[in-house]
Amino acid sequence: MKTTTIILTILFYSFTYGQTVSDLFNSKNYKELAEFEKKSEKLTPEELYMIGFANFQLENDNKAIEFYDRAIKSGYDKGIVYYYKGVSFFYLKKYDEALIQNDIALQKEPTNQEYMNQKGQIYRLQGKEDKALEYFEQATQLPNTHGESFFWVAYIYHGKQDFKKALSLYYIALDKVPQQNSYYKKTLESIGQLEYAYSKDYLKSANAYSQAIQIDKENYELYYKLIKSYNAAKEYDKAESIFNLVKNAFENGKLPKEDMEIKTIAISQFEWNGQTAIIRKSLIAPKESLDISYKVFLVNKEGDKVERRFVVEKTIQLESDGAKHLLCEQDKNTGDHITYPYGWTSDNIPLDDLEKAVKLVLDGKMEYGAKSNFSKN
């Protein structure tokens, strides 16, 4: 009776053990799966591969390679094990070894798009972009299983500043990359950027950013870009509605730390004599005199330094038709506070009018009305 019980226990253990490895792998429970290393002598070749993959997911690439080798030696001679062995070498920055393993995987599965894409990635991470492009383009010709290659082809042309070609390729990528893939959102962001900065089709830019937000609703950088796109398209009401969403997020402490501290966000920009002026709007409504609602930074032509800083300040409205907000300038070199004879009678300050006022000053067509420096004795 005792012997029968032992036999049944062994049979039950063997059945459960084999199932457990597979179940843990399929459920992506990699931490527990990696624990089977202690009993690896009893594992099948495929299960050894699974232990390797578990260690790969746990970022233990050397251990992963050890188990991939054991799987191969035991007879698991499939493209996927060589592919992931190469990926582990890739993350270890051993690119020559990664390329060898990836090529073996491609020999076994020459039409595998993911393997060809990884070959492009290996060259890209080595700074060999033209070589990478060659393999990314080859990958786009294979049966489309994951689509990332279409993004990378566009990305490299983007880096080469062939913006027209890059934009058309990003639109192709948008059709080829699965929506659940992270590169789908990256494609939308790249389209938004190029439509804004290159083609200046601001509504298309806004459309791309709107779609990206639906995928990543907590990414407020996308909201800022959407606001800029709507303002550039003169869709001011739409821009204001998005700004109000951002303001609500600010009030609930959800914005990135820097924006929570600065309390303003960039909502628009314009060009003046080859320089960019960035308009930032306060996330806190001005209540007291001297409270700032807008800041305008004129950046130098190199794009690395602010040359002049303008602000819109709340003032005491003496008459119903008098100025409620005034255009001012803060001279960081002298410390002077400069007030210009240009203001707005309501809290609604049109961006195009703010741009017009700043340009009048920059063009020397508006003299200051008053100047003060409280830092001087």
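The values are calculated or read from the model by the stated rules, or taken from the named source; none is laboratory data. Since the structure is predicted, the reported quantities are computational estimates derived from the model, not experimental observations. Reconstructed Cβ throughout: ideal geometry from the backbone, glycine too, with neighbour counts over all protein chains shown.
Observations, loosely collected:
- Among the conditions (1) surrounded by 15 or more Cβ atoms within 10 Å (Cβ to Cβ); (2) in a loop (DSSP other than H, G, I, E, B); (3) at pLDDT 95 or above, residue 295 misses just one, which is (2).
- As for segment 96-107, it holds no residue that is farther than 30 Å from residue 213 by Cβ, outside any helix (DSSP H, G or I), β-branched (Val, Ile, Thr) and touching a residue at least 24 places away in the same chain (Cβ under 8 Å).
- Which listed residue, of 126, 161, 193, is polar (S, T, N, Q), modelled with pLDDT of 95 or more and over 30 Å from residue 267 (Cβ atoms): 126
- Residue check, residue 188 buried (at least 24 other Cβ atoms within 10 Å of the Cβ), within 13 Å of the chain's Cα centre (by Cα) and not in a loop (DSSP other than H, G, I, E, B): yes
- The residue of segment 91-134 that is surrounded by the most Cβ atoms within 10 Å (Cβ to Cβ), among those that are within 24 Å of the chain's Cα centre (by Cα) and of a type in the set (Phe, Trp, Tyr), is 123.
- A single entry from 180, 121, 214 fulfils the requirement of being over 30 Å from residue 268 (Cβ atoms) and either in a helix (DSSP H, G or I) or assigned by TED's automatic domain parsing to the domain that holds residue 350 (or both): 121.
Quick grid of which residues meet (1) part of a helix (DSSP H, G or I); (2) not assigned by TED's automatic domain parsing to the domain that holds residue 356:
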| residue | (1), (2) |
| --- | --- |
| 238 | yes, yes |
| 244 | yes, yes |
| 255 | no, yes |
| 281 | no, no |
| 285 | no, no |
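- Residues within segment 137-154 that are in a helix (DSSP H, G or I) and under 17 Å from residue 178 (Cβ atoms), tallied: 9
- Looking only at segment 205-231, residues that are surrounded by 18 or more Cβ atoms within 10 Å (Cβ to Cβ) and without any contact (Cβ under 8 Å) to a residue 60 or more places away in the chain come to 18 in all.
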